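Heads up, the thing below is written out as structure tokens.
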Amino acid sequence: MNLNYSLHNDTVKHVDLSFYVEVQKDNRVNQVIAKMQTSQRKCALVMDQGKLIGIFTAHDIARRVIDQSEALNEPIETIMTPDPLTLKSDITLIEAIRFMSDKPHRYMPVVDAEGRVLGTLTHYAIIKYMSDHFPEEIYNLPPTPDHFASTRDGA
Amino acid sequence: MADAIETLTRKDFVSDQEVRWCPGCGDYAILAQMQRVLPEMGIAREDMVFISGIGCSSRFPYYMNTYGLHTIHGRAATVATGLKVANPDLHVWVITGDGDSLSIGGNHLLHVLRRNVDLNIILFNNAIYGLTKGQYSPTSPPGTRTYSSPMGSVEQDFNAISVALAAEATFVARSVDRNTKHMAEILKRATEHRGTSFVEIYQNCNIYNDGAWFFATQADVKDDQTVILEHGQPIIFGKDRDKGIRINGLSPEVVTLGNGVSESDLLAHDETLDNPAHAYLLSRLTHPDYPVPFGVFRCVERPIYEEQIVAQGRQAVEERGAGDLNALYHATDTWIVPEGPDAETVQEIHEELPTSNIIPDIDQEDPMAPRTALQQLLYDPISSLDLPAPECVSADTSVADAVETMRSKNMGCLLVVDKQGLLRGIFAQGDLFEKVAGRDIDLKKITIDSLMTKDPTALKTSDPIGHLLHLMSLHGFRHIPIVDPDGRPVGLASFKVMLKFTGGLFSDDISPN
């Protein structure tokens, strides 16, 4: 499998975009955090009547919420990042990788031509996508590099 | 010599041993047919070996006046394979039972079949453990009441023919102890087949499972409840030969001939089909819904295991000369431990064998090949990445201070080091998200010691980048500390570092390779 070719031809639709939860704009911050924690998703997309209006991530929690307990009862709308940058679903992965590695964003909502949310592109999903191209070289490694066998077993 | 073989009689195959099966046992019938058929096969007695495992049937070799081995439970096929490879000219028979071959030696049976060693396996199926006095076996149907299943067995039973077909057997047949003529024909066919012949023989244990196969042997019912498979013939059965098997979709059905159903509508048997689906379908005709087939289900040609193995050995000797087993034993990693308490060193014997032309080195590389982007991504050292310097703190830092440090330095995580500067932990935004957010915790009062990941997985700058991808993609580690040989952090690898590296690695010139 040619990763270079795949990265230039597959689009962001081809990676796992499921690492997020959807919340409503009037959900309170502590509800949103609880939902993220139970589903083990570090990204919440804030919706208003089916439309994406903001994003709230574990990064925001660490920077803006963690030591501000009074914020927990506010609606998420007041603390989210409004109007987040989105990616069009037909951009190639190499474009997405270059775009995301120049920006601080770890999570980017992916939308179709009509602006509907298809999912969220994450760093992890891209890493996983790349590793899936080389299961033998990546997955079939010993627990630590020190265990790497230089010869076949028994030779 | 040839004349001598031709004049062998049944008596020549009868040994002087007292036959000690229970009176009335079906095993006697099988022994008798074997001793009847073998003289006709033109094989010298001294070229024959009967190998058995454990069980009533496995007493068989004692009663044959040939060579024989009474081996260990379930392993007759294994010993037979070794014998046949070492002495391919021998005619080897494996005598086994439903417990011996389908339970204790199930694994060994599968592999001898798939290898297609040229030997004959006769599986005496009485659906009970007889030698141990009546426990249900792998071929006992669910509900069978025995001493070990007084309320009825709750286990799904095996169909020996289906198992053999699934194991890629090249000759699969079934007969029954009380149809001696049929059994003799099948034994001859098995002897003639080149490759592993698997023959299941329904055998009555008149002590512990009497009547298990009566549906197939009682004169008044057997013709309506069994069918004799004949190659090239439509499958017809019944006392009046007025019934047959027709295929309806993927299922067989019993039909009565006449009233618009003719022989040409019936399934015709073909034992030579390469695709085992036909034979498998026949193997699933079971009592009482269908007539149970007897005969050859499948007989196909495939290369023979020992012939290929022996040929490879011969080729190796031709190309590289005869091997020296003693040299091989002492090739590498062998020692002589000196005698006596004052002995100083262990003397290592280390003679290199010229293995390179036998086994290619797995990390052999073409030194002339240019390094591709892929090789850089997988095998280059981590030191070739552009790693940010880590932010290091001590374990007694309060969570509040740690949060502030991450904020001001714009770091997603902090590395925790001890007084010597050695890596002891990692504290990341993920820990805040999972263990602190939404909980009533005074961040000034607790230290990161209790929240950090202790002794985190770290890599060295000399380790390959592929291992970073391994840890990231399999374990989801966003941040991986990079340490020097002593364990002091020198860098921090992250998803983002990997993405940046990847983005720069691949040019937009996407030629196919």
Can you say whether B:Ser149 is among the hydroxyl-bearing types (Ser, Thr, Tyr) and buried (at least 20 other Cβ atoms within 10 Å of the Cβ), as far as the supplied structure shows?
no
Would you confirm whether or not segment A:61-69 contains a residue that is touching a residue at least 40 places away in the same chain (Cβ under 8 Å), more than 8 Å from chain B (Cβ to nearest Cβ) and out of contact with any Pro (no Cβ under 9 Å at 6 or more places or on another chain)?
no
Expected output for segment A:28-54 (first residue of a type in the set (A, V, I, L, M, F, W, C), partner in a helix (DSSP H, G or I), Cβ below 6 Å, 6+ apart or cross-chain) is A:Val29/A:Ala71; A:Val29/A:Leu72; A:Val29/A:Ile76; A:Val32/A:Ile76; A:Ala44/A:Val32; A:Ala44/A:Met36; A:Val46/A:Ile76
Count, please, the residues in segment A:84-104 that happen to be surrounded by fewer than 18 Cβ atoms within 10 Å (Cβ to Cβ), touching a Leu at 6+ places or on another chain (Cβ under 8 Å) and modelled with pLDDT under 90.
1
Take the residues in segment A:42-60 that are assigned to a strand (DSSP E or B) and aliphatic (A, V, I, L, M); name whichever of them is nearest to the other protein chains (Cβ to nearest Cβ).
A:Ala44
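Residue by residue, here is whether (1) facing chain A (nearest Cβ under 9 Å); (2) out of contact with any helix residue (DSSP H, G or I) (no Cβ under 6 Å at 6 or more places or on another chain); (3) at pLDDT 90 or above holds:
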{"site": "B:Ala369", "(1), (2), (3)": "no, yes, no"}
{"site": "B:Asn410", "(1), (2), (3)": "yes, yes, no"}
{"site": "B:Val416", "(1), (2), (3)": "no, yes, yes"}
{"site": "B:Arg439", "(1), (2), (3)": "no, yes, no"}
{"site": "B:Met452", "(1), (2), (3)": "no, yes, yes"}
Test result for B:Asp89, touching a residue at least 24 places away in the same chain (Cβ under 8 Å), in contact with a Pro (Cβ under 7 Å, 6 or more places away or on another chain), assigned by TED's automatic domain parsing to the domain that holds B:Arg178 and closer than 19 Å to B:Val112 by Cβ
no
Between a first residue in segment B:184-211 that is part of a strand (DSSP E or B) and a second residue that is of a type in the set (Lys, Arg), which pairs have beta carbons less than 7 Å apart while being 6 or more apart in sequence or on different chains?
B:Glu200/B:Arg174
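Take the conditions in a helix (DSSP H, G or I), more than 21 Å from B:Gly99 (Cα to Cα), among the β-branched types (Val, Ile, Thr) and touching a helix residue (DSSP H, G or I) at 6+ places or on another chain (Cβ under 7 Å) and apply them to B:Val85. Does it pass?
Working: in a helix (DSSP H, G or I): yes; more than 21 Å from B:Gly99 (Cα to Cα): yes; among the β-branched types (Val, Ile, Thr): yes; touching a helix residue (DSSP H, G or I) at 6+ places or on another chain (Cβ under 7 Å): yes.
So B:Val85 passes the test.
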Is it true that B:Gly487 is touching a residue at least 12 places away in the same chain (Cβ under 8 Å), more than 8 Å from every other protein chain (Cβ to nearest Cβ) and more than 42 Å from the chain's Cα centre (by Cα)?
yes
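Listed here are the residues, each with its yes/no results for (1) closer than 27 Å to B:Ser137 by Cβ; (2) in contact with an Asp or Glu (Cβ under 6 Å, 6 or more places away or on another chain).
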| position | (1), (2) |
| --- | --- |
| B:Tyr28 | yes, no |
| B:Gln33 | yes, no |
| B:Leu38 | no, no |
| B:Gly53 | yes, yes |
| B:Arg59 | yes, no |
Residues of segment B:263-319 that turn out to be outside any loop (DSSP other than H, G, I, E, B), touching a strand residue (DSSP E or B) at 6+ places or on another chain (Cβ under 9 Å) and either of a type outside the set (Gly, Ala, Ser) or over 14 Å from B:Arg174 (Cα atoms) (or both), as a count
15
If the Cβ limit is 6 Å and pairs must be 6+ apart or interchain, which residue in segment A:100-111 that is more than 15 Å from A:Lys51 (Cα to Cα) pairs with which residue that is among the basic types (Lys, Arg) and surrounded by fewer than 22 Cβ atoms within 10 Å (Cβ to Cβ)?
A:Ser101/B:Lys500
Check whether at least one residue in segment B:202-215 is of a type in the set (Val, Ile, Thr) and farther than 28 Å from B:Leu110 by Cβ, and report yes or no.
yes
Output the residue which, of all residues in segment B:226-255 that are of a type in the set (Asp, Glu) and free of Cβ contacts under 8 Å to residues at least 24 places away in the same chain, is surrounded by the fewest Cβ atoms within 10 Å (Cβ to Cβ).
B:Asp240
Members of segment B:166-207 that are surrounded by fewer than 22 Cβ atoms within 10 Å (Cβ to Cβ), out of contact with any strand residue (DSSP E or B) (no Cβ under 6 Å at 6 or more places or on another chain) and more than 21 Å from B:Ile304 (Cα to Cα)
B:Arg178, B:Asn179, B:Thr180, B:Lys181, B:Ala184, B:Glu185, B:Asn206, B:Ile207
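Among the residues of segment B:18-50, write down those that are of a type outside the set (A, V, I, L, M, F, W, C), at pLDDT 90 or above and part of a helix (DSSP H, G or I).
B:Asp27, B:Tyr28, B:Gln33, B:Gln35, B:Pro39, B:Glu40, B:Arg45, B:Glu46, B:Asp47
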Candidate set from segment B:212-228 (those that are part of a strand (DSSP E or B) and of a type in the set (A, V, I, L, M)); member that is nearest to B:Val92 (Cα to Cα):
B:Ile228
Looking only at segment A:70-99, which residues are within 20 Å of B:Phe433 (Cβ to Cβ) and either within 14 Å of chain B (Cβ to nearest Cβ) or part of a loop (DSSP other than H, G, I, E, B) (or both)?
A:Glu70, A:Ala71, A:Leu72, A:Asn73, A:Glu74, A:Ile76, A:Ile79, A:Met80, A:Pro84
So if I check each of B:Ala184, B:Ala173, B:Ala160, B:Ala166, which one is within 17 Å of B:Arg284 (Cα to Cα), among the hydrophobic types (A, V, I, L, M, F, W, C) and out of contact with any Ser or Thr (no Cβ under 8 Å at 6 or more places or on another chain)?
B:Ala166
Checking B:Lys239 against (1) over 30 Å from B:Tyr147 (Cα atoms); (2) assigned by TED's automatic domain parsing to the domain that holds B:Val117, only one condition comes out false. Which one?
(2)
Only unsatisfied item for B:Val497, checking (1) more than 23 Å from A:Ile61 (Cα to Cα); (2) more than 8 Å from chain A (Cβ to nearest Cβ); (3) buried (at least 18 other Cβ atoms within 10 Å of the Cβ), is (1)
Here is a list of conditions, (1) assigned to a helix (DSSP H, G or I); (2) among the charged types (D, E, K, R); (3) at pLDDT below 80, and B:Asp363 meets all of them except one; can you say which number that is?
(1)
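The values are calculated or read from the model by the stated rules, or taken from the named source; none is laboratory data. Since we're looking at a predicted model, the values are computed, not measured. No Cβ is skipped: glycine too gets one built from the backbone with ideal geometry, and neighbour counts run over all protein chains shown.
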